[in-house]
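The values are calculated or read from the model by the stated rules, or taken from the named source; none is laboratory data. Given the structure is predicted, the values throughout are model-derived calculations rather than measurements. No Cβ is skipped: glycine too gets one built from the backbone with ideal geometry, and neighbour counts run over all protein chains shown. Heads up: the accessible areas ignore ligands, DNA and RNA and are worked out on the full protein's heavy atoms, side chains in. Shrake-Rupley method; radii C 1.70, N 1.55, O 1.52, S 1.80 Å.
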Amino acid sequence: MPVAPVEAPAVEPSESRRRLRPWRLLPTPTGTPFTFGYAAVLTVTSLITAYADPALVHALHQGSSTDVAHLVQTPALVLTASALWIAGGILSPYAVGFLVVLTALERRTGGLCTAGVFILGHVLATLATEVPVGLAVLAGHLPDSSLHRLDYGVSFGVAAGLGALAGLLTPWLRRPLLALFGGVLVLDLLAFTDPLTNWGHLIALATGIATWPVVRGRHRARAA
């Protein structure tokens, strides 16, 4: 009696496409409009940093700095302007992290949620590191020059985004990711080269982790 051949189980086209689309790691205008638009702005400011007159670039960075003096005078302006630059240029690790982390987070939670996580990490980590500086100057423990410390870039927002994204990953990905990134931040802090910034990165990462209930709920809503 002939035996009918056993057919292999069909693979859903959508599943195969998801597995074979590595370009989804990068932002697109329709899929991740927030990350794509933000990346375009950062590309322009990075080109200005690379090719404009150094004196002009320094003046722009100084005017965008979230130091204590600027935060007291124009907090909303500098908190926004400081996030329009990438410290270290467009090829820095945080520039790459910006693209990969925010793209992955936006594809899972949407642009509004991703922007909220980024802004929350950027603002909270900035205030948590600069307010103590202002208090220390008032108490006489730091010189007045500390009020004008140059501080700008997207790294706090990226660290918060990574912390939030980790909550959407499986445990076998989440744990090593947080251990690796957190370990690097702790080592940088122990090196004491820039303790305020290093503390800010840890605070931003913790801020992102604190958003897990929100990002998970948003992810479930989008999946449904």
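Residues of segment 83-133 that are open to solvent by 10 Å² or more (accessible area, probe 1.4 Å) and of a type in the set (D, E, K, R): ARG107, ARG108.
In segment 183-202, the residue that is least open to solvent (accessible area, probe 1.4 Å) out of those that are over 13 Å from ASP151 (Cα atoms) and not in a helix (DSSP H, G or I) is THR193.
Checking each residue in segment 134-162 for being open to solvent by 60 Å² or more (accessible area, probe 1.4 Å) and among the hydrophobic types (A, V, I, L, M, F, W, C) picks out LEU135, LEU138, ALA139, LEU142, LEU150.
When you go through ALA224, ALA206 one by one, which is the residue that is small (Gly, Ala, Ser), open to solvent by 40 Å² or more (accessible area, probe 1.4 Å) and within 18 Å of the chain's Cα centre (by Cα)? Can you show your working first?
Working: ALA224 fails: within 18 Å of the chain's Cα centre (by Cα).
Of ALA224, ALA206, the one residue that is small (Gly, Ala, Ser), open to solvent by 40 Å² or more (accessible area, probe 1.4 Å) and within 18 Å of the chain's Cα centre (by Cα) is ALA206.
Set side by side, the residues VAL78, VAL44 differ, and just one is among the hydrophobic types (A, V, I, L, M, F, W, C) and open to solvent by less than 40 Å² (accessible area, probe 1.4 Å), which is VAL78.
Among the listed residues VAL117, VAL158, VAL123, VAL101, identify the single one that is in a helix (DSSP H, G or I) and out of contact with any Gly (no Cβ under 8 Å at 6 or more places or on another chain).
VAL123
Scanning segment 59-88 for residues that are under 15 Å from the mean Cα position of the chain (by Cα) and either at pLDDT below 95 or assigned to a loop (DSSP other than H, G, I, E, B) (or both) turns up TRP85, ILE86, ALA87, GLY88. Put simply, of LEU105, LEU142 the only residue that is farther than 26 Å from ALA50 by Cβ and at pLDDT 95 or above is LEU105.
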